[in-house]
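A.B. asks: Below: one structure in structure tokens.
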Amino acid sequence: MLSRKNKLLVMKIISLFSVVRGYNIPIIVLAQYLSAIFILAPKRRALDVLLDVNLFLIVFLSALTIASGYIINNFYDREKDLINRPNKSMLDRLVSQKTKLQVYFAVNFIVFLLAFLISIRAVLFFSSYIFLIWFYSHKLKKMAFIGNLIASFLAVLPFFAILLYYKNFYSQIFAHATFLFLLILIREMIKDLENIKGDVANDYQTIPVLFGEKISKQIITVLTLGTLIPVYLLIEIFEVGYMDIYFYFSLIVLLFFLQLLWKSNDKSGYLKLHNILKLLIVSGVFCIVLIEPEVLIHGKRLLKL
């Protein structure tokens, strides 16, 4: 049996895991590696990609930076989360605000030092990434639409770190990135609908707070229809192997999503919409393996011609 002191320590570890959303980070790490193998470096053998020390450091530092971002976001959203997520908030409060800040600065310092093992450019990239996350959490998050755009941009930024590492700039990558960016942006706007009570109480100037739920739903509808453009490009113009099955599936899910969006008018309904988008994003990560590397190389040569 654990002593009372050890039980408290275990609970604090669980609390910190909840604060950094440790369940999300492995998915992001997996997505980065699969993107590197199947999209960003298709000419390289999978084993060479997996054994690349610099890539490992980029992924590892991205994971640490994201974890520190969750910490500072949780630090600033403490009162808001108490209204929107009371159960999670009570668990998160087992770790004091002082401890959160100490862990936040320690993790960022480790990221800064380890980035030197890659290059000066990596130091500048991760320093900028850390600053942007802090500035978003401190200021930009409370601003209508700008906060949503920056949050979505920060979510895809780790993939651009790998893109810059491989210097593999071609159109198909940006079509994938645009589709992912739009899904994340839509999810951020759904979160605003889901968290409207806490946002009003804490003076967050989100679109639902300023203009109402109807306007917010109209913008979400336009963004959802906007996903048709990258999906069309990825299915009809570029070759993505069997991953086109995922994109056809996404279209069906997004049509269902729009129907449910206009029927939803409470937190439980918006939570369902949030989970649908989360499932679509996570399933997209695993479906990357459906891309055939040979097809990508051939497609790149055609584009150059």
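The numbers here are math on the coordinates, done by the rules we state, and not lab data. The shown structure was predicted, so the numbers you read here are calculated from the model rather than taken from an experiment. Note that each Cβ is placed from the backbone with ideal geometry, even for glycine, and that neighbours are counted across all protein chains shown.
A.B. asks: Loop only by DSSP, 10 or fewer other Cβ within 10 Å of the Cβ. Give me the trypsin sites (Lys or Arg not before Pro) in the stretch 92-182 that pass, ordered by residue number.
C.D. replies: Hits after loop and neighbour filter: LYS167.
A.B. asks: Shifting gears a bit: Anything over 25 Å Cα to Cα? Flag those among LYS12/LYS98; LYS88/LYS272; LYS7/LYS267; LYS88/LYS263, in the order listed.
C.D. replies: As for pairs spanning more than 25 Å Cα to Cα, those are LYS7/LYS267; LYS88/LYS263.
A.B. asks: Kindly write out, for the stretch 153-164 in residue order, the coupling ³J(HN,Hα) from the Karplus curve 6.51 cos²θ - 1.76 cosθ + 1.60 (θ = phi - 60°), rounded to whole Hz, with x marking Gly and Pro.
C.D. replies: 4, 5, 5, 9, 4, x, 6, 6, 4, 6, 4, 5
A.B. asks: How much length, in nm to one decimal, is gained on full extension between TYR170 and LYS98, taken as 0.36 nm per residue of separation minus their Cα-Cα distance?
C.D. replies: So the chain would gain 21.4 nm between TYR170 and LYS98.
A.B. asks: Between GLU236 and ALA144, what is the FRET efficiency for a Förster distance of 30 Å, r being their Cβ-Cβ separation, to the nearest 0.05?
C.D. replies: Approximately 0.30, to the nearest 0.05.
A.B. asks: Which whole-number percentage describes the relative contact order of the stretch 7-169, with Cα contacts under 8 Å and a sequence gap of 6 or more?
C.D. replies: Contact order relative to length: 30 percent.
A.B. asks: Do any chymotrypsin sites (Phe, Trp or Tyr not before Pro) in the stretch 37-136 lie in a DSSP loop with no more than 16 other beta carbon atoms within 10 Å, and if so, which?
C.D. replies: Taking the stretch 37-136 and a limit of 16 other Cβ atoms within 10 Å, the loop chymotrypsin sites (Phe, Trp or Tyr not before Pro) found are PHE116.
A.B. asks: Run lengths n ≥ 4 of DSSP H only: what is the helix-derived mean residue ellipticity at 222 nm for the chain, with -39500 (n - 2.57) per run over all residues, to the nearest 500?
C.D. replies: Theoretical 222 nm ellipticity from helices: -25000 deg cm²/dmol.
A.B. asks: Which semi-axes, in whole Å and largest first, does the equivalent ellipsoid of the chain have when worked out from the alpha carbon gyration tensor as the square roots of 5 times its eigenvalues?
C.D. replies: Value: 32, 27, 17 Å, ordered largest first.
A.B. asks: Do any chymotrypsin sites (Phe, Trp or Tyr not before Pro) in the stretch 151-258 lie in a DSSP loop with no more than 12 other beta carbon atoms within 10 Å, and if so, which?
C.D. replies: Those satisfying the criteria are PHE169.
A.B. asks: Same structure again: Per residue and in cubic angstrom, what volume does the convex hull of the Cα atoms of the stretch 76-147 have?
C.D. replies: Output value, Cα hull per residue: 103 Å³.
A.B. asks: Let me ask another. What is the percent of Cα-Cα separations in the stretch 170-305 that go past 23 Å?
C.D. replies: The calculated P(r) of the stretch 170-305 puts 39 percent of pairs beyond 23 Å.
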